[in-house]
1. So if I take the centroid of the Cα atoms in segment 123-137 and the same for segment 280-313, what is the distance between those two points in Å?
2. Sum -39500 (n - 2.57) across every DSSP H segment of at least 4 residues in the chain, then divide by the residue count to get the 222 nm mean residue ellipticity, nearest 500.
3. In a Gaussian network model over the chain where Cα atoms closer than 10 Å are linked, find which of Lys20, Lys258, Lys137 has the largest mean-square fluctuation.
4. Compute a Gaussian network model of the chain, connecting alpha carbons closer than 10 Å, and tell me which residue from Glu194, Glu243, Glu42 fluctuates the most.
5. Please report Rg over Rh for the chain, where both radii come from the alpha carbon positions and Rh follows the Kirkwood definition.
6. From the cross-link list Lys204/Lys302; Lys115/Lys295; Lys115/Lys252; Lys256/Lys302; Lys137/Lys302, which pairs have alpha carbons spaced over 27 Å apart?
7. Work from the charge dipole of the chain (Cβ charges, +1 for Lys and Arg, -1 for Asp and Glu, about the Cα centre) and give the residue of Leu191, Val56, Phe273 farthest towards its positive end.
8. 7 Å from Cα along Cα→Cβ at both Leu63 and Glu193: what's the point-to-point distance in nm?
Amino acid sequence: MNLQQLEYIIAVDRFKHFSKAADYCHVTQATLSAMIKKLEEELDAVIFDRKTSPVVTTDSGILIINHAIRIIGQVDQLRESARAASNTIQGILKVGIIPTVATTLLPIILKPILKKYPKLKLDIQELTTQDIVDKLKLGILDIGILATPLNGKSEVEESILYYESMMVYGAVNDHERFITPEEIDSEIIWLMEEGHCFREQTVKVCNLKKKHNLPKNLLFEANSFETLVNLTDEFGGITLIPELYYQGMDEKRKLKAKPFNSPLPVREISMIFYRPYAKINSINRVANEIRSLMKGRLLTEKFKAKDLSIIGI
């Protein structure tokens, strides 16, 4: 048994496909399959049901893979300690990020971070908040980037990156620059679909008790800010968008968006990690890079803490 074999079974479990796992591990499928077969023989256990497509992990395989994840996590920590001593960052950093943050944050941070740390490989997945927390605790992910606070329910640690204001898009008090949540009294409020934390934040800001006056013959929830904005343009009403998304809009659309008055509703964006598997050196360095790259970009920096209202999830 060796570490490569453990990495191979973790990859197959993740991708549910031997060929994709082999590509990810930079080996041939034949090599990966042979090494996994040898491990199964050594453990006297069948880890994968190869008759199905996608590949299914057996019950005994799930237990083996959970142990393998813990072992690889501990080895990664050992390597991380050695790199911290030499003040370098390298290797793979597995990142989970929620889609409503990924769409605006990644274009800002990826290129500068990869350029500054050429030996660092970022393996990024867009996932829900719960998926990120679950995979952190299993050691499948190293860090998560998402909206917080999580209110201490998840046993993960949170490191705040920035506060991003929430803005109204649509026809609300066209003569005013700032508005208050109480002024939102539109016939239509367009929402993200269930499962998106931004939906929950919108519901709280707008004090919604139910789906808000969509056309009677339309049942629809969006999966992106672009869809929300397009529907608002077509049908009227309003939607809420984050400030970074607003910054990427064309000038015509920017005229339809307005910030709230103080106290400013904001979402808190943090990096989260699970201490037993944490690559602390890499986490701190990448978190500080993100904070540096975000400095000067957001309206929230012009407000005092008492003038911000953090909208939970």
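1. Computed from Cα coordinates, the inter-centre distance equals 21 Å.
2. Helices in the chain give a 222 nm mean residue ellipticity of -13500 deg cm²/dmol.
3. Maximum fluctuation in the GNM of the chain, among the listed residues, is at Lys20.
4. Glu42
5. On the way: Rg = 22.6 Å, Rh = 21.8 Å.
Taking Rh as the inverse mean 1/r over Cα pairs, Rg/Rh reads 1.04.
6. On the way: Lys204/Lys302 24 Å; Lys115/Lys295 19 Å; Lys115/Lys252 34 Å; Lys256/Lys302 22 Å; Lys137/Lys302 36 Å.
With Cα atoms farther than 27 Å apart: Lys115/Lys252; Lys137/Lys302.
7. Farthest towards the positive pole: Phe273.
8. 3.7
We did not get these values from a lab; they are worked out from the coordinates using the rules stated. No experiment lies behind these values; they were computed from the predicted model shown. Positions of Cβ are generated from backbone atoms using ideal geometry, with glycine treated the same way; all protein chains shown enter the neighbour counts.
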